[in-house]
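Some notes on the structure that comes next.
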Amino acid sequence: MPSQSAKDKLDRQAEKLEKKLPDWAASAVRWLRQPSSKWVRMPAALLLIVGGFVGFLPILGFWMVPLGLMLVAQDVPFLRGPLAKGLSWIERKWANRKK
């Protein structure tokens, strides 16, 4: 069973991601992450992941894949640790690329 620290790390990554989103999207992600939104979260996560794979189209983007995976990890505990590490890695690489 994953440790609580994996959930904490994922929560921190989710909060960082929310700060980078427009207000309307950030509030939607916050709502989807709540335990009461479980039945909406999984279909939304799957739509984000699928939409991310066609990210070359207008409006849709590759940014949707990590967001969808983050939402899936809310309900699939063994994904939390690897996903938190992966998101952290992506964030570091993105910051280095911007420099």
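The values are calculated or read from the model by the stated rules, or taken from the named source; none is laboratory data. As the structure is a prediction and not an experimental result, all values here were calculated from the model. A quick note on method: Cβ atoms are made from the backbone with ideal geometry, for glycine too, and the neighbour counts reach across all protein chains shown.
Within region 12-27, the residues that satisfy the criterion of being within 13 Å of the chain's Cα centre (by Cα) and surrounded by fewer than 15 Cβ atoms within 10 Å (Cβ to Cβ) are ARG12, GLU15, LYS16, LYS19, LYS20, ALA25. Per this entry, LEU83 is not counted among residues that are hydrophobic (A, V, I, L, M, F, W, C), touching a Leu at 6+ places or on another chain (Cβ under 7 Å) and closer than 22 Å to PRO22 by Cα. No other residue among ARG30, ARG41, ARG80, ARG12 is in contact with a Lys or Arg (Cβ under 7 Å, 6 or more places away or on another chain) and of a type in the set (Lys, Arg) apart from ARG80. Restricting GLY81, GLY61 to those that are surrounded by 13 or more Cβ atoms within 10 Å (Cβ to Cβ), modelled with pLDDT under 85 and not charged (D, E, K, R) reduces the list to GLY61.
Just one of the numbered conditions (1) modelled with pLDDT of 85 or more; (2) aliphatic (A, V, I, L, M); (3) surrounded by fewer than 18 Cβ atoms within 10 Å (Cβ to Cβ) is not true of ILE90: (1).
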